[in-house]
Structures are given as C-alpha cells and as structure tokens.
Amino acid sequence: MNEVQLFSTCLAEEFFPEVERASATILQRLGLKVRLLKSAFCCGQVAFNEGFRSEALDLARRFMAACDPAMPIIVPSGSCTSMIRIFYADLPFEDAELTAKAAAIRPQVYELSQFLVRVMKVKRLGARFEGAVAYHPSCHLMRELNAREEPMALLSGVEGIRLVEVRDREECCGFGGLFSVKFPHISGAMLSDKIDRIRQSGAQVVVSNDCGCLMQIGGGLSRAGADIKVRHLAEILAAR
Amino acid sequence: MADLSDIVARVKDALGSSARGDLAEIDANGAPLHALSANDRAELATQFGHELKSVAGDYLGICRADEAAARIAALAAETGVRTAAIGEGVAIDTGAIATALETEGISVLRTAPGVDADNRTQTLRRVADADMGIAEADCAIASTGTLAVVSTVSRPSSLTLLPPSSVILVNVDRLVRDIAAAVATLGANEIANHRVTLITGPSRTADIEKRIVLGVHGPKSLHVLIVWPRDE
Amino acid sequence: MAVSPKATDFFAASEAGAADHELQRKLESASARHLEHFAEVRDEFTPYENERATARAIKENALGRLDELIVELTEKLTDHDCKVFFAASADEAREYIVKLATQCGARHVVKGKSMTTEEIALNPALERAGIEVLETDLGEYIVQLRGEPPSHIITPAIHLSKEDIGELFHEKFRVSYTPEPEKLTAEARTRLRESFLRADFGITGVNFAIAETGTLVVVENEGNGRMSSTIPEVFVALMGIEKVIPKLSDLPHFLEILARTATGQKLTTYTNFLRGPRADGDLDGPREMHVVIIDNGRSAMLSDPVLRESLMCIRCGACLNVCPVYRHIGGHAYRSPYPGPIGSIVSPSLIGSSTAYLPFASTLCGACKDVCPVHIDIPRILLHLRWKETSSPAPPPWPHDAHRARAGARMFARLARYPRIIRFLGHIAAVLVKPFAENGWIGSMPPPFANWTKVRDFPAPRPGHPRPANSAGKSIRNGRS
Ligand code: SF4
C-alpha cells in the first residue's frame, strides 16, 4: 500500500482546520501518498442521527462518489468513521450498485489511530510534546469501533508527554451531536462533571480524536475559565 | 377480548415468513451428570459451605445422620428458640429431630399432610409465629451455595419462608455442582408438577442506597447442615 | 388516566433532574456500589462472555418461534389448572385483573415487584375499585408511601437516600427518626408481615416462562414475591408475551446472567418456580392461579426487524446503571415505568406517544450496549426509532428551540451536498462571528446555536486558518490558536 485517502470531516474543516494537515503529515511521514477527499464535505451523520434518512442518503451518496473503494480512507474521527464503516449498512440505498459500493467502501474506512496501529503497525511516530495530557476516548471510537488501546499506545510513544488519568474517563462528555442543543440541560450536566474531573486530573491539554468532543469539552473548559486546552490526537502525534 | 388464537395470530403475523428452518436448535444442556465419588462429594460440600457463607448463610458443616437431631436441638436451644415448625424429611428422618427439640423443651409444630381449607390461614399463622422452620432440601448447589426445595403436602415451602430462622438439612448425595446440574437432577417432571424454590442465603435487600440488609420478608438467618449417611 | 401526559413534559422533567445535584450524587454512588458488586461476580463459574452469547442465542431462537411457544406454555399451564388470559392491550389486562379482584371479593392485594403492572397502570385502577394495594418489595413500598412511581427497574427507590427514607418512615409511621437501613428494613418487615398474612389476592410479574414445563419463574431477593404467590387465596401472574423460553435447561443461563448484572450476585436469593394452584391438602400456594399474558405493542415490536431485538431484554437494569443520561436526570424524568436506555427503546411501543422524545434524549454513547447481558444494540435501535418518529405522519411536536436546531441540521445536511456552497457559507460565518471571539471561543451565539452557549462556549469557526503545523506543543500557554 502506498496511497491513502484522507477525509477530514465537516467539523474539523470548520472548527479545527489543523487536523487535516496534521493527519496528512503523520501519514506522509510513514511514506504514504495522501489524497485529500475534498469533493465531499460531510459523511451524513448529523442527518442520520436525527432521523433524516433521505438527507443522510444524499450525503452518503456524495461521499461515496468522492472516494475510491480500492484504497484505504482515513478519517480522524471516531464517530464519522463509525457512521461510514458501520451505519452506512443501515442506509436504504435504492439501487444495487450503490449498495455494492457501500459494501466495498465500508471496510476500507479507518479511524486514524486504528489505521496507524492496526494496519501500519506503528506506535512510535517520532512525535515530541511537552505537557500533562489527558486523553478523552470518544464513545464511538471505544464502543462502535472497539478502539480502546490504540490512541493510548500512540500517545505513550510521544516523547516528553506526561499522561494523566481523568477519573471515569470512559464516561461520555455529553456532546451527542444535536443532543447538545436539543437537551442543553442534560448535555451541560454531563459536561460539568467531565470538566470537574479534568480539572482534578492536573491536565494541561485534553486530547481526543473527535472534533465533537473537542468542541464540547473545549467549550466547557473555556466557560469555566480553566487554563486547559483541547487538541486533536493528530496534532499531538504530528508535533515535533 | 383477545384469546389464545388472536395472540398467536398476531405473533405469527409479526414473525411473517421469516424462515424457521434457520433457527438453530440451542443445546443449552449443562455437562452430563455422573456419579460422584465420596471425595467429590466432600469437595462439593466444602465449596457449598464456602459459597453459603459468602451469601451470609451459616454453614453448620457435615454430620452423620444420627447426629443431626442433636446438632439442631443444640442450635435451637442456643438461639433461644421456643417454637419450631418442622416438615417431613426427604431422605432424612425428621421425626428424630422433632423429638430432640421437644426434649429441649421446645414446642414443635409438625406440618402434617392434609391441611384443609378452613384451617389453612391459621396454620400459616402458626408457622409464621414459630421461631425456627426446619426442612430438608431436595438438592444443594455447590457453585452458588443454593438449596432447592420442592414443596409438597408434607413439606410446605413456607417452612423455609415464614419463620425468622431457617434451618435446612440436605443429604450429601443431593449435592450437585451447578445450577444446570440441579435443574437436570430435579428434572422437568418434578418441576412441572411442584412448586420449587431455589434458596441462596437469607432474605436480603439492597433497596436502600444499594446497601445490603438481611431478613426483609423471609428468614433473617439461614443455617445449613449437610448430612452424611451413617454407613459411609 | 385523568390527564394524558404530553411528550414535551420530558423537557421540564429532565431539566429538573439535570439541575438536581443531590440526585446525581445519590445515583452516582449507588451505581458505583452496584458496579463493585458486579465486578466481584462477573467471571464466576462459566466465563461471562460465553453466557451472554448463549443467553442471546436462546432468546433469538425463542422469539423466532414465539407463536409455537405460547401455545405450548398455555397448554401446560392449563393442564396445571391455571386460568390463562390473553390481553391485547393494557386496558384489557387491567380490566381483567380488576374485575377478577372484585369478583372474588378481594380487599387486600399484595404485589411483588412488577414493571408490567406499572405499564398497565394497575394500582390506581384497583384503588378506584375500593381495593387496598400494597407494594411489598421494599423499594416499591418506599416509593408507594411517597406517592411516587419507581425510578429504576431494579432499585425503585434509588433516587432516595437513607436519610430521605428515615424521614419518610418517621412522618408516616410516627416512629423515631433513624437513617439506619437495618432499622428501616425491620420496621417495614413488621408492617408488611401482617399485611401478607391477611392478604387475599397476590400479584407478581414473571421473569421467565418455561414452555416445556409450564413453569413461571419469579426471581427476587426479599421473599416478597414468594409471599405474594404463597399466601393469598388468589394469585395473578402478569407477563409479556416475550417472556417465554423453550426449555427448562435454558433457564440456568438466564439465572446466572440476570443475577450477576442486576444485583451483582451469583444467584438471586429466591428463584421461585410456580406452576399452578395448590393441590388438595397443600398448605402453600393459591386456590386459584391466573396467568395474564399481555401483548400491548409487543407483537408490533416483533414484526420490526430492528426493534425485535429489544424483546430479548431480561430487565436486569444494568443499562440504567451505566447510562450517563439516566444518572444525570434520574428515572422519574422519563415518565415511563421503563426509564433509562431500555426504557427509551421500549416505551414508545409499550407506553405510547407521550414518550416519543426518549429515543432522541441520548448521546448514543453506547455504554448500555457494552454492558447489556444479551447484547442488545440499543444505540442502533434508538437511531431506528428516531427515523421512525421523524418520518411518521404525525411526528412529535418539538419545543421551539429544539425544533429550530433540528431544522437547522436538516438545512445543513441539504446544503452539505454542495461542498463549495457550504464551504463558502462557512467562511462567511467565520468572518461574521470573529469580532465576538475571545481566545478562540464565543460566549454567546444567536439561534440555532443559542442553546449551545447556554452551557458552554462555542468554538470560533476558522475554516482555512489552521494553527501553524507543529505548534500544538508551543501554543498550550497562549490561547487557542
Ligand atoms: S436492555 Fe440489556 S442491560 Fe438493559 S435492562 Fe434489558 S437486558 Fe438489562
């Protein structure tokens, strides 16, 4: 394998534009040619999760038209990866050709850390990052994609890093896409527990591989006036 | 109002044409039963005792059949029992136990077969008023410290439910390894034809702050004695 | 019911729960204690994972030929002299039981814990008929005294502290205040013992019904289920159609996983095998035993290939204990006898449109699916229900701001088909909000993002303006970008 596709996702494009560059850098350092998927913008998860299946279908079609099923597709997001890799199977594509294409694409889609550890079999990327870092596992990454070890393995390989543990770190941050604005009171209550625990951990930086979690946790930290930053995993792994 | 055919028709409809041929027959049977050696039984008894203690039961150990009556009478006397209710045994002679209790000055209620409808309530009350209920289990499960009690006319299961202190004897031959073995030993027939209760420790609750408290509605204490037939 | 509950009530109820830190503390410590108990028994005897797979396979098989199993069970129960009644709806079940109680002149009903009786709103109907109904499970007894519904399917009073319960007993029984669980339990024991002995009518739910032997299995720890099925002259067991399992030998698998996940035990204290009324001369058991088998939306769930899985649920309550939404709003907010993740997938079918929002009130974090002993894919079912609700002819009316958020998301999804346009709009948005950003975050946003900034800041959009590469480390101390 010498070429991969990179889909940076809509949230990253709009709010965390460095994620694409950082992900590409990591992949290139491994000798891979990176093709950016620019003719698709969103995988359709936001529509799918809300029950708007025809809109989700449209976006899925668009996404599938943009990519080459013969080449791995790297996505720096646990939830977008699970949307494509898992939930595209639940979309009622109307013709056999699309269904077949979806079946061909789904297994080619990898969340970044899973791709690095499981496919490329690397754990040390020569990254260097100074500071106390808390890793926040995103729910979809852990429970839909079953990636519990990979991000930690990669972070442990970063030089200078000091990993700190957040109590109950596997508990959801409360983002949940539109849940965060439809039920702000519940989302906020979950977030405030998360923020308390992060503050207790002594972390200077919270790292996650989902921009949704970064928005939620970052927004909560900023609101609380905490001097703790959020960073995408790719940024840490690309840092030297 | 719906009847069986309505419900079945609804369910059939709901299942549609989904092919039943595909349904794998689930073979959920436990390991086959085989005869246990005396050693095995001793081992199971030890495990049983350990598990019983872990669910706050009182394990009285193993004794010979002819010692059982004295052991239980002593226990009753020690714990200040004034009345005890006792049923007929399965393999053990509970008559001897009743006599031993009476010798200690404890009044004994024998649940005789053939309670008639009129004095049922009264009998239930008398069992409930007893300080101790004594019964023999049909089977005991080593892996969970459980006793299986089959309710019959002469061995009503309220003996193990109503009195605050419950004493259960079980013959060592009736010890089995796990729940599956117990269910197999009792057999589909026995279970289809009797009320059966599996008892694992004294009555308990965790309804207040998930803190464990014993003796909610059933017995507060459970004492179990394993009886080893005299000739071994 | 006098006032039919509205779906939108969920918002107020969950808001109240989310603001109740005391409640959250209680739920957190109870779940923590629960998880400790569970960890102790998780891998006792047969490895837990194998048991889960076997139990699921048995349920899958049973649901696939449920019609045959219901016939077999009914024949066996009838042979045992049970009277079997089929209820298509909650109304039919409730009316049957109330009529039966009235006909046999029942005055004191004792009940074991049964969520299905909550589903059919049985207690108020019995009370209206002038019959006293007493919940006898300690937790149920406590919430009944408070005039509340249970807030958890296994631990009904999980939302109360021992102090709350101490005060309740003090107030209701005029006994001196004590927060000690042992003393409170002893008080309840004395009071309920007398009620059991005078009860003339008993009701419990059913955990498993074995078709092969015509046996109803009722699992419990306190002994109240045993009492309710042993002492009263008339006994009614209420069960959903999905409770049937084929064979006696299937049962041990369920007993093991249920005890472990529900209460962290290897086996519950009492496993009662009920088969019918007592024989002549027997002391124990009812003179008459009725089995009410209820559909009430279950066959419709069965016919839906995605929803069907939710009928495998053994009501262990584990998904509630791990659910962050449940733990932050409490069971009452769901306004369904089935709260938490399992409640969110079954309530729309079993309770009705007043619970239409529940499938949406989830982050889809999947903690429930991980813990579920029969591997029910709850998030997938939630997604399925969201789609069903959204595309139904009468979708639930959303509160204004939530509606706006949904409309916004839909609009976004439509525009996102045209990457150039959406990117252009993204750039414009970034320019517009830039003046309001501080350190990369915005404290207050207009709708549809106003709800976002109610509880946290919003990230300033900056498409095309990445932080310089390799700056992740250096920028820790100086703002976001
Ligand atoms: S859905 Fe699963 S975890 Fe939840 S109550 Fe049912 S069986 Fe238990």
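Numerical summary
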| read-out | value |
| --- | --- |
| Conditions (1) at the interface with another protein chain (Cβ under 9 Å from one of its Cβ atoms); (2) touching a Phe, Trp or Tyr at 6+ places or on another chain (Cβ under 8 Å); number of the one not met by C:H384 | (2) |
| Matching entry among C:V306, C:V292, C:V322 (being open to solvent by less than 10 Å² (accessible area, probe 1.4 Å) and of a type in the set (V, I, T)) | C:V292 |
| Residue ID - farthest from the other protein chains (Cβ to nearest Cβ), chosen from residues in region B:162-180 that are open to solvent by less than 10 Å² (accessible area, probe 1.4 Å) and in a helix (DSSP H, G or I) | B:V172 |
| Residue list for region C:75-93, restricted to those being more than 8 Å from chain B (Cβ to nearest Cβ) and in a helix (DSSP H, G or I) | C:E75, C:L77, C:T78, C:D79, C:A90, C:D91, C:A93 |
| Boolean, B:T146 is crowded, with 20+ Cβ neighbours inside 10 Å, within 27 Å of B:E190 (Cβ to Cβ), touching a residue at least 12 places away in the same chain (Cβ under 8 Å) and within 12 Å of another protein chain (Cβ to nearest Cβ) | yes |
| Filter result for the condition that a residue is buried (at least 24 other Cβ atoms within 10 Å of the Cβ), among the hydroxyl-bearing types (S, T, Y) and more than 10 Å from the ligand (Cβ to nearest atom), over C:S336, C:S353 | C:S336 |
| Any hit, region C:386-402, residues being touching an Asp or Glu at 6+ places or on another chain (Cβ under 9 Å), within 16 Å of the ligand (Cβ to nearest atom) and outside any loop (DSSP other than H, G, I, E, B) | no |
| Test: residue in region C:176-190 that is hydroxyl-bearing (S, T, Y) and part of a helix (DSSP H, G or I) | yes |
| Some residue of region A:158-167 being assigned by TED's automatic domain parsing to the domain that holds A:R199, among the basic types (K, R) and under 30 Å from A:S54 (Cα atoms) | no |
| Some residue of region C:6-25 being open to solvent by 20 Å² or more (accessible area, probe 1.4 Å) and under 30 Å from B:A2 (Cα atoms) | yes |
| Criterion violated by C:R275 - all others in (1) open to solvent by 10 Å² or more (accessible area, probe 1.4 Å); (2) over 19 Å from B:N193 (Cα atoms); (3) facing chain B (nearest Cβ under 7 Å); (4) not small (G, A, S) satisfied | (2) |
| Hits in region C:263-286 - residues which are touching a Phe, Trp or Tyr at 6+ places or on another chain (Cβ under 9 Å) and either among the hydrophobic types (A, V, I, L, M, F, W, C) or under 30 Å from B:V127 (Cβ atoms) (or both) | C:T263, C:K266, C:L274, C:P277, C:G285, C:P286 |
| Counted residues, region C:356-381 - those being assigned to a helix (DSSP H, G or I), within 16 Å of the ligand (Cβ to nearest atom) and open to solvent by less than 10 Å² (accessible area, probe 1.4 Å) | 5 |
| Checking C:A199 against (1) under 30 Å from C:D67 (Cβ atoms); (2) within 11 Å of chain B (Cβ to nearest Cβ); (3) surrounded by 24 or more Cβ atoms within 10 Å (Cβ to Cβ), the condition it does not meet | (1) |
| Positions within region A:40-54 being in a helix (DSSP H, G or I) and under 16 Å from C:K388 (Cβ atoms), in sequence order | A:A47, A:F48, A:N49, A:E50, A:R53, A:S54 |
| Pairs, first away from chain A (no Cβ under 14 Å) and over 25 Å from A:S180 (Cβ atoms) in region C:306-327, second within 7 Å of the ligand (Cβ to nearest atom) and of a type in the set (S, T, N, Q), C-beta under 8 Å, six or more apart | C:C316/C:T261; C:G317/C:T261; C:A318/C:T261 |
| Breaking point among (1) open to solvent by 10 Å² or more (accessible area, probe 1.4 Å); (2) part of a strand (DSSP E or B), for A:P107 | (2) |
| Selection count where residues are part of a helix (DSSP H, G or I) and open to solvent by less than 10 Å² (accessible area, probe 1.4 Å), scope region A:127-149 | 2 |
| Number of the exception - C:A394 against (1) closer than 30 Å to C:L320 by Cα; (2) open to solvent by less than 20 Å² (accessible area, probe 1.4 Å); (3) aliphatic (A, V, I, L, M) | (2) |
| Qualifying positions in region C:177-198 - touching a strand residue (DSSP E or B) at 6+ places or on another chain (Cβ under 8 Å) and in contact (Cβ under 8 Å) with a residue 12 or more places away in the chain | C:P181, C:L184, C:T185, C:L192, C:S195, C:F196, C:R198 |
| Members of region C:321-333 found to be of a type outside the set (F, W, Y) and within 11 Å of the ligand (Cβ to nearest atom), listed by number | C:N321, C:V322, C:C323 |
| Total residues in region B:195-214, condition at the interface with another protein chain (Cβ under 7 Å from one of its Cβ atoms) and either in contact with a strand residue (DSSP E or B) (Cβ under 8 Å, 6 or more places away or on another chain) or in contact (Cβ under 8 Å) with a residue 12 or more places away in the chain (or both) | 12 |
| Residue within region C:113-128 that is surrounded by fewer than 21 Cβ atoms within 10 Å (Cβ to Cβ), under 16 Å from C:F235 (Cβ atoms) and either hydrophobic (A, V, I, L, M, F, W, C) or assigned by TED's automatic domain parsing to the domain that holds C:G202 (or both) present | no |
| Restricting region C:147-189 to residues that are farther than 24 Å from C:C316 by Cα and among the hydroxyl-bearing types (S, T, Y), the residue that is least open to solvent (accessible area, probe 1.4 Å) | C:T178 |
| Residue within region C:253-263 that is polar (S, T, N, Q) and more than 10 Å from every other protein chain (Cβ to nearest Cβ) present | yes |
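Here is a yes/no grid of residues against (1) on the phi < 0 side of the Ramachandran plot; (2) at the interface with chain C (Cβ under 10 Å from one of its Cβ atoms); (3) surrounded by fewer than 24 Cβ atoms within 10 Å (Cβ to Cβ):
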residue: A:C173; (1), (2), (3): yes, yes, no
residue: A:P184; (1), (2), (3): yes, yes, no
residue: A:R199; (1), (2), (3): yes, no, yes
residue: A:G202; (1), (2), (3): no, no, yes
residue: A:V207; (1), (2), (3): yes, yes, no
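Residues are listed down the side, and each one gets a yes or a no for (1) open to solvent by 10 Å² or more (accessible area, probe 1.4 Å); (2) within 16 Å of the ligand (Cβ to nearest atom); (3) more than 17 Å from the chain's Cα centre (by Cα):
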{"position": "C:V218", "(1), (2), (3)": "yes, no, yes"}
{"position": "C:N224", "(1), (2), (3)": "no, no, yes"}
{"position": "C:A237", "(1), (2), (3)": "no, no, yes"}
{"position": "C:G240", "(1), (2), (3)": "no, yes, no"}
{"position": "C:T263", "(1), (2), (3)": "yes, yes, no"}
{"position": "C:K266", "(1), (2), (3)": "yes, no, yes"}
{"position": "C:D284", "(1), (2), (3)": "no, no, yes"}
{"position": "C:E288", "(1), (2), (3)": "yes, no, yes"}
{"position": "C:G297", "(1), (2), (3)": "yes, no, no"}
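The values are calculated or read from the model by the stated rules, or taken from the named source; none is laboratory data. Since the structure is predicted, the reported quantities are computational estimates derived from the model, not experimental observations. Please note: Cβ atoms are built from the backbone with ideal geometry, for glycine as well, and neighbour counts cover all protein chains shown. Calculation scope for accessible area: heavy atoms of the full protein, side chains included, ligands and nucleic acids excluded. Shrake-Rupley method; radii C 1.70, N 1.55, O 1.52, S 1.80 Å.
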